[in-house]
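Below is one structure, written out as structure tokens, with a few remarks after it.
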Amino acid sequence: MTDHTLLSDFLTELGVPHTTEYSNNRFASMPFQSLFGLQKLLQEYCIDSEAIALADKSSLTEIQPPFLAKMQEGFVIVTDINPKNVSYLTQGEPQTLPTPDFEDVWTGIAFVAHPSAGCMEPSYRAHRTVEIFSKVKRIALIICTLALLAYLVVGNGIYSHVSTVLIMLLDMAGIVLSFMLLQKTLKIKNRHADRFCAVLQEGGCDHVLEDKASSFFGIFSWSEVGLTYFTVSLLCLLLFPQYTMYLAACNVCCLPFTFWSIWYQKFRVKTWCTMCVSVQCTLWLLFFCYLGGGWLHGIFPLRIEFFALAVTYATVLLAINRLSTYMAKLTVSPGTTQSSNF
């Protein structure tokens, strides 16, 4: 579930103690997807609230923020008002509009909350303890992962060659790019991915990923293929660096796809996907690293390890495909973003 919901961000602006996971879960399971339902939900936090309909939109400046404002596309959280500008949050992102422009798209409906001293989430202290331990687990996972990575880099001599260090870093970059593409494919909100996608063309990634060519024969999405390739390549490099030449061979096999991908974006969909282009560039940078490091030598004759690597790619791809199908079923659609319409 997204880290930002209308409820959790509103509670943050109101200064009401709460935990993100509990608030998000309660908001997602709200029985009545309406202002009435939100009002009943806020009562669990001991917060009184009311809806206001203003016929004269110029009275906007008389309402004390923070409050919810019903826009043409949904609700936003107004955080500050002055005669010139209105600041607000939408999907967790701070935005600012000139006051007259804001009034033009505002419906005149506002939802105002009146928290009193001592308002907080039910069982807040217990939920907060669980949240702290969850953060500690994440930190411990990061530390353990970095320690294991350092051991493999040093123990297997990855650090001793510039090419292998660069290959490792590029594989990591490819994993991040492919994972963000997979999130896009599964309609999972990621603000960082949205910002990155807008570099070449606004909405380009979404348009390309909605095209039928964004999947391999309609079975595997290219984001799943990319995540599989970079993940298996990284693990093979770290665990079995003696087979780096076979990774180089697999990389060469991927290069024809880069020409097709660029051609398809340029001439068929006529839209640029920033992350897709970045993945293609990463594949070519990997090729030059393999070439410069001399890893294209000694590929032939092919040994059993090469075929074991190919089977590993296929196995992980099937696993990621099953996992992404499961994730798609868990994706929460209604009521999770600030732009939700009640």
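The values are calculated or read from the model by the stated rules, or taken from the named source; none is laboratory data. These figures come from a predicted structure and were not determined experimentally. Virtual Cβ from ideal backbone geometry, glycine too; neighbours counted across all protein chains shown. Protein only, heavy atoms only, side chains kept; ligands, DNA and RNA dropped before computing areas. Shrake-Rupley method; radii C 1.70, N 1.55, O 1.52, S 1.80 Å.
Looking at Tyr290, Tyr243, Tyr313 in this structure, which one is surrounded by 15 or more Cβ atoms within 10 Å (Cβ to Cβ), modelled with pLDDT of 95 or more and either under 30 Å from Leu7 (Cα atoms) or touching a Cys at 6+ places or on another chain (Cβ under 7 Å) (or both)?
On the way: Tyr290 fails: either under 30 Å from Leu7 (Cα atoms) or touching a Cys at 6+ places or on another chain (Cβ under 7 Å) (or both); Tyr313 fails: either under 30 Å from Leu7 (Cα atoms) or touching a Cys at 6+ places or on another chain (Cβ under 7 Å) (or both).
Within the list Tyr290, Tyr243, Tyr313, the selection yields Tyr243.
When you check His18 against the structure, is it touching a residue at least 60 places away in the same chain (Cβ under 8 Å) and open to solvent by less than 40 Å² (accessible area, probe 1.4 Å), yes or no? Lay out the reasoning, then the answer.
On the way: touching a residue at least 60 places away in the same chain (Cβ under 8 Å): yes; open to solvent by less than 40 Å² (accessible area, probe 1.4 Å): yes.
So His18 fits the description; yes.
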Which one of the conditions (1) within 30 Å of Leu235 (Cβ to Cβ); (2) surrounded by 12 or more Cβ atoms within 10 Å (Cβ to Cβ); (3) without any contact (Cβ under 8 Å) to a residue 12 or more places away in the chain does Val154 fail to meet, given that it meets all the rest? (2)
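Yes or no, residue by residue, for (1) more than 17 Å from the chain's Cα centre (by Cα); (2) of a type in the set (A, V, I, L, M, F, W, C); (3) on the phi < 0 side of the Ramachandran plot:
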position: Leu152; (1), (2), (3): yes, yes, yes
position: Ser178; (1), (2), (3): no, no, yes
position: Ile188; (1), (2), (3): no, yes, yes
position: Arg191; (1), (2), (3): no, no, yes
position: Leu209; (1), (2), (3): no, yes, yes
Per the filter on the stretch 34-54, residues closer than 18 Å to Gly74 by Cβ and open to solvent by 70 Å² or more (accessible area, probe 1.4 Å) are Phe36, Ala53
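Looking at Thr99, Thr90, Thr79, can you tell me which residue is open to solvent by less than 80 Å² (accessible area, probe 1.4 Å), farther than 24 Å from Val16 by Cβ and of a type in the set (Val, Ile, Thr)? Lay out the reasoning, then the answer.
On the way: Thr90 fails: farther than 24 Å from Val16 by Cβ; Thr79 fails: farther than 24 Å from Val16 by Cβ.
Being open to solvent by less than 80 Å² (accessible area, probe 1.4 Å), farther than 24 Å from Val16 by Cβ and of a type in the set (Val, Ile, Thr) holds for just one of Thr99, Thr90, Thr79, which is Thr99.
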Cβ contacts < 7 Å: first residue closer than 15 Å to Tyr290 by Cβ, restricted to the stretch 238-249; second residue outside any loop (DSSP other than H, G, I, E, B) and small (Gly, Ala, Ser), any location; separation 6+ or different chain. Result? Leu247/Ser233
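Quick one: would you say Ser221 is within 21 Å of the chain's Cα centre (by Cα), open to solvent by less than 20 Å² (accessible area, probe 1.4 Å) and at pLDDT below 95?
Values: within 21 Å of the chain's Cα centre (by Cα): yes; open to solvent by less than 20 Å² (accessible area, probe 1.4 Å): yes; at pLDDT below 95: yes.
Answer is yes for this residue.
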Please verify whether Cys281 is within 25 Å of the chain's Cα centre (by Cα), at pLDDT below 95 and assigned to a helix (DSSP H, G or I), treating the condition exactly as stated. no
Where in the stretch 79-119 are the strands (runs of 3 or more DSSP E), entirely inside, with at least 2 residues that are over 31 Å from the mean Cα position of the chain (by Cα)? 106-115
Is it the case, given these coordinates, that Ala51 is assigned to a loop (DSSP other than H, G, I, E, B) and of a type in the set (A, V, I, L, M)? no
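Take Ser178 and tell me if it is under 30 Å from Lys270 (Cβ atoms), open to solvent by less than 80 Å² (accessible area, probe 1.4 Å) and among the hydroxyl-bearing types (Ser, Thr, Tyr).
yes
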